[in-house]
Structure formats: structure tokens, C-alpha cells
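Here's the structure, in C-alpha cells; my notes come after.
The values are calculated or read from the model by the stated rules, or taken from the named source; none is laboratory data. What you are looking at is a predicted structure, and each value in this text was computed from that prediction instead of being measured. Using ideal geometry, Cβ is built from the backbone for each residue, glycine included, and neighbour counts are taken over all protein chains shown. These area figures cover heavy atoms from the full protein model, side chains too; ligands, DNA and RNA do not enter into them. Shrake-Rupley method; radii C 1.70, N 1.55, O 1.52, S 1.80 Å.
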Amino acid sequence: SGYISYDESYGNTGSCQSEITFINGEKGILRYRGYPIEDLAEHSSFLESTYLIIYGELPTQSQLDAFRNKVRDSAEVHVGMEHHFDGFPTGSHPMAILSAMLNSLGCYYPEMSTNNRQQDLESFDDAVAVLLSKVRTLAAMSYRMQVGKHFIYPKHKLRYSENFLHMMFSDPYQDYDDSSGLAHALDLFFLLHADHEQNCSTSTVRMVASGGANLFASVSAGVCALWGPLHGGANQAVIRMLQEIHDSGDDGRRFIESAKSGDAKLMGFGHRVYKNYDPRARILGKAAEKVLSAIGYEDDPLLNIARNLEQAALEDDYFVERKLYPNVDFYSGLILKAAGIPPEFFTVMFAIGRMPGWLANWHEVASDEKARIHRPRQVYQGPGVRDYVPIENR
Ligand code: CMC
């Protein structure tokens, strides 16, 4: 019925109106609620920026304290959830576990996951604290399960990222020691991933929310969308690529040639929106240098290969013509690796960081009284009408 405009992969379709995040891909600009990412990276923390993204304004000290306390007090999960982990075979991918756990978490908070928009909106502040805090606890629990260790309970006195590292790496007989300041680097990593307008996972969250689904179900779908190697999985792919280049005895030059001939993809390079240096990559590149030197790895061979690749790509016509620059994932894996996070867990780290954006985008959809269910159309390319053929005549 009527003409349907087709925009392959939504390259030029505005799917919503939003007040949260601004990107200018040509100039390499990113702002949360109007604040430049560079300023937030320098002066803010993950939780403060999260408050900004979700509630629209930077918090006063008392608002921030109250928010921090609420998140802190929500860190523990119901003991029933510990048993959910028993149902997964060892070796299960932590993104599969995380998505399942976030959806299951809603069952423990039926009053926050009613699928009645008004009711879900009324409990939104509580659900925000539950999801922000427990996504970190559940992620750490899935790691402990994989390595065959007891779960470690959160500690009240620790800040957001410190508590995460504690739940990941402390042991009952010895607390995790963060003398190299990895919690600070991790907090920056989370902050830089907190929102990025209508990327694949956030659009998924909005799509699911548009049907009236609750926050827990919507963010669980977001985790699935994030999983793929072209989206959140790229940070893991970057480290794998750097390691393979290193193991093959290449300094990066051979790899650049195979990327140009289409035999390989330079993971961590290119972006649908940025046709300039991704501002997050610039910040993370510097942070990676700092973290690696703090732990005495300034000559880390993978960091050197990353530097070589970046240098070579920025000067090479293939990459220049296609406006391919490093994206957020190019350096983030080096920071995560330095923090002792295993590569198969990197995408989970992205999911923890992206939670504020998913929460804020869900709220924007749910609180829009005029919002209709998202229902794109298609351009049908299949056969025209056909006569049914009885099975014996096929
Ligand atoms: N290495 C080599 N060539 C590339 C790359 C790359 N990483 N990315 C794009 N190209 C080429 C591509 O082959 C195409 O060349 P041609 O015009 O000759 O056919 C041209 O550049 C345009 O690329 P495209 O695939 O049409 O661009 P897209 O907007 O569909 O894809 C992308 C964007 C990010 C999926 C893609 O650049 C890519 O696969 N990059 C590697 C994976 C990656 O780092 N993903 C993380 C993205 S940022 C974080 C996030 O959103 O999760």
C-alpha cells in the first residue's frame, strides 16, 4: 500500500527524537546532554555521568550522594539467582549468561517489570539502581563461575568500579589490591561507553520498549544486540587481531596490506557515524598508555602493534579515502587486558558501561505519551502470487 522508502541498514533514517546524546560524525564530536565527552572524561565519574544521561542534568552533591548510596545498596543479588548459574554448562559465553540473568532479574522485581507503562515508570528510579548495580554483580558472578571460584559479595565502602574489581578478583582470604589505579581507568572506560545515540543495541532497546515491554526485558535484548563482532564484540576482536599479528611475527604492515585487499578487516577501525577520529578512541588511547606504564608494560608488544597500525592506517590512501579512523574499541581492549579481564569477557564490560544509555533511552520511549509501537516496513522482493502445488506434484 503506497510507496515505501528504502534506506538500507538505516544509514539515513532518524528513528526517533531524542534529547540524550549528540554526535557529529564529520567533526568527531560527542556530547552527553550537551556536555562534551572530553570534559566529562576529565572531570566526571561514571556514576555522575550516568545521572546526567538518565536525568538530564548534572547532579548536585546531595543528589549525587543519594544516587551513589542507592546504587551501592542495590549491589547484592537475591540468593535464588546464584542457583541460576548452576544451569549453564561451563564454557557458556558470558553475554548469553548476562542477557538471561538480566531478564530473570525482572522476575525478582515483579512490581518493576509489569509491562504496564505507568507502573513501570513509577518504579523507574528503583529499577535504575537495581540494573546499574546488579549488572556489575551478575557479570562478576559469571566470571567467578567460569574460573571455578566462589562468588565474592560486594563491599559497601567501595566505589562503583572498585567494587566491580573486588567482586571479580578478590578472594575470601585476600582482598584485590588496586595500587596501580586500574579502577580509575575502568571507570573512564565505562563513562566513555555510557551512551552513543541510536547504535544497534540502543535501537534494539527502544524497539522492544516501544511494544510496551519492561525495562529488564528491554535491556536484556540490548545485551543480545551488543554481542556481535561488528558492535560490542569488536573490542575482543581487536585483541585477538593484535595477538595474531604479534604471533605471526608481523609488526602490522603485512596486516594493513591484507585489510586493503579485503582479506582481513582492521578491527577497531571505521564507524557508521564517525568519519573522523572517534573522540572516545583519542581519550582511551592516552589512558591505555598511562595504565600500561603504571603497571610497567609501556613496551607491551600489543600496544606497539596498535600504535604501528594506527600510524600506518592514518597515512594510507585506502583508509584516508574511506575515512576510516580508530574507533572506541581500538584501545579499550588494551586497558581491559591490563586490568586482568579475559578477552571473552570484554563485551560484557561494554554492556556494563552502556547500561545508562539503555536505561535513559527506555525512559524516553516509555514516557512519550504519543509514542507508537516501532513497526518498520519492508520492500518485498519475493515471488508474486502462485498456485498451491499438491505435494505429489512437486
Ligand atoms: N577494515 C578495512 N576496511 C574497512 C573497515 C575496516 N575495519 N571498515 C570499513 N571498511 C571499508 C569497507 O570494506 C568499505 O570499503 P569499499 O567501499 O571498498 O567496499 C568501506 O570501508 C565502507 O565500509 P562499510 O562496511 O560500508 O561501513 P559500515 O558503516 O557498514 O560499517 C563498521 C561500519 C564499524 C561495522 C565497519 O567499519 C567495521 O566492520 N569495522 C570493524 C569492526 C569494528 O571495529 N566495530 C566497532 C564499531 S564502534 C563500536 C560499536 O558501535 O560497537
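Could you count how many residues in region 359-394 are open to solvent by 100 Å² or more (accessible area, probe 1.4 Å), touching a residue at least 40 places away in the same chain (Cβ under 8 Å) and either in contact with a Pro (Cβ under 6 Å, 6 or more places away or on another chain) or farther than 30 Å from VAL135 by Cβ (or both)?
Going through region 359-394 one residue at a time, the tally reaches 2.
Is it true that some residue in region 364-383 is farther than 26 Å from GLY14 by Cα and assigned to a loop (DSSP other than H, G, I, E, B)?
yes
If I go through region 324-376 residue by residue, how many of them are of a type in the set (S, T, N, Q) and within 14 Å of the ligand (Cβ to nearest atom)?
Looking only at that region, the number is 3.
So which pairs qualify, if the first residue must be in region 62-89 and without any contact (Cβ under 8 Å) to a residue 12 or more places away in the chain, the second must be open to solvent by 60 Å² or more (accessible area, probe 1.4 Å), the Cβ gap must be under 6 Å, and the two must be at least 6 apart or on different chains?
Sorted first by the residue in region 62-89, then by its partner, the list stays empty.
Could you say whether any residue in region 202-211 is at positive phi and in a loop (DSSP other than H, G, I, E, B)?
no
Check off (1) modelled with pLDDT of 95 or more; (2) surrounded by fewer than 20 Cβ atoms within 10 Å (Cβ to Cβ); (3) of a type in the set (S, T, N, Q) for SER179 and give me the number that stays unchecked.
SER179 satisfies all of (1) modelled with pLDDT of 95 or more; (2) surrounded by fewer than 20 Cβ atoms within 10 Å (Cβ to Cβ); (3) of a type in the set (S, T, N, Q) except (1).
Regarding region 30-43, can at least one residue be identified that is modelled with pLDDT of 95 or more, out of contact with any strand residue (DSSP E or B) (no Cβ under 7 Å at 6 or more places or on another chain), of a type in the set (A, V, I, L, M, F, W, C) and surrounded by fewer than 18 Cβ atoms within 10 Å (Cβ to Cβ)?
no
Condition test on ALA281, is it under 21 Å from the mean Cα position of the chain (by Cα), farther than 20 Å from GLY340 by Cβ and within 13 Å of the ligand (Cβ to nearest atom)?
Working: under 21 Å from the mean Cα position of the chain (by Cα): yes; farther than 20 Å from GLY340 by Cβ: yes; within 13 Å of the ligand (Cβ to nearest atom): yes.
The answer is yes for ALA281.
Quick check: anything in region 126-135 open to solvent by 40 Å² or more (accessible area, probe 1.4 Å), closer than 21 Å to PHE345 by Cα and out of contact with any strand residue (DSSP E or B) (no Cβ under 7 Å at 6 or more places or on another chain)?
Looking for residues that are open to solvent by 40 Å² or more (accessible area, probe 1.4 Å), closer than 21 Å to PHE345 by Cα and out of contact with any strand residue (DSSP E or B) (no Cβ under 7 Å at 6 or more places or on another chain), one finds none in region 126-135, hence no.
Please state which of the following conditions ASP65 fails to meet, knowing it meets all the rest: (1) farther than 17 Å from ASN361 by Cβ; (2) touching a strand residue (DSSP E or B) at 6+ places or on another chain (Cβ under 9 Å).
(2)
Which of the residues spanning region 238-276 are more than 11 Å from the ligand (Cβ to nearest atom), open to solvent by less than 40 Å² (accessible area, probe 1.4 Å) and over 15 Å from ASP316 (Cα atoms)?
Across region 238-276, the qualifying residues are ILE239, LEU242, ILE245, ASP250.
Looking at LEU284, LEU302, LEU334, LEU324, which is the one that is open to solvent by less than 30 Å² (accessible area, probe 1.4 Å), closer than 25 Å to SER203 by Cβ and not basic (Lys, Arg)?
LEU284
Could you list all residues from region 182-202 that are open to solvent by 50 Å² or more (accessible area, probe 1.4 Å) and away from the ligand (no atom under 16 Å from the Cβ)?
Hit for region 182-202 is HIS184, nothing else.
Counting residues that are aliphatic (A, V, I, L, M) and at pLDDT 95 or above, which helices (runs of 4 or more DSSP H) fully inside region 72-170 reach at least 3?
Because the criterion is at least 3 residues that are aliphatic (A, V, I, L, M) and at pLDDT 95 or above, the helices (runs of 4 or more DSSP H) in region 72-170 that meet it are 94-107, 124-146, 160-169.
Would you tally the residues in region 10-28 being surrounded by 15 or more Cβ atoms within 10 Å (Cβ to Cβ) and of a type in the set (Asp, Glu)?
Looking only at that region, the number is 0.
Just to be sure before I move on: is VAL219 closer than 26 Å to MET112 by Cβ, open to solvent by 10 Å² or more (accessible area, probe 1.4 Å) and touching a helix residue (DSSP H, G or I) at 6+ places or on another chain (Cβ under 7 Å) in the structure I sent?
Taking the combined requirement at face value, the residue does not satisfy it.
With ARG253, ARG240 as the choices, which residue is of a type in the set (Lys, Arg) and modelled with pLDDT under 90?
ARG253
Which number in (1) within 25 Å of HIS193 (Cβ to Cβ); (2) away from the ligand (no atom under 12 Å from the Cβ); (3) not acidic (Asp, Glu) marks the one condition that GLY296 misses?
The number of the failed condition is (1).
Sort out which residues of region 223-237 are open to solvent by less than 30 Å² (accessible area, probe 1.4 Å), assigned to a helix (DSSP H, G or I) and touching a Phe, Trp or Tyr at 6+ places or on another chain (Cβ under 8 Å), and write them in order of number.
Passing the criteria: LEU226, ASN235.
Identify, please: which residue in region 100-115 is out of contact with any Gly (no Cβ under 8 Å at 6 or more places or on another chain) and in contact (Cβ under 8 Å) with a residue 40 or more places away in the chain and is, among those, surrounded by the fewest Cβ atoms within 10 Å (Cβ to Cβ)?
Only one residue tops the list, namely THR114.
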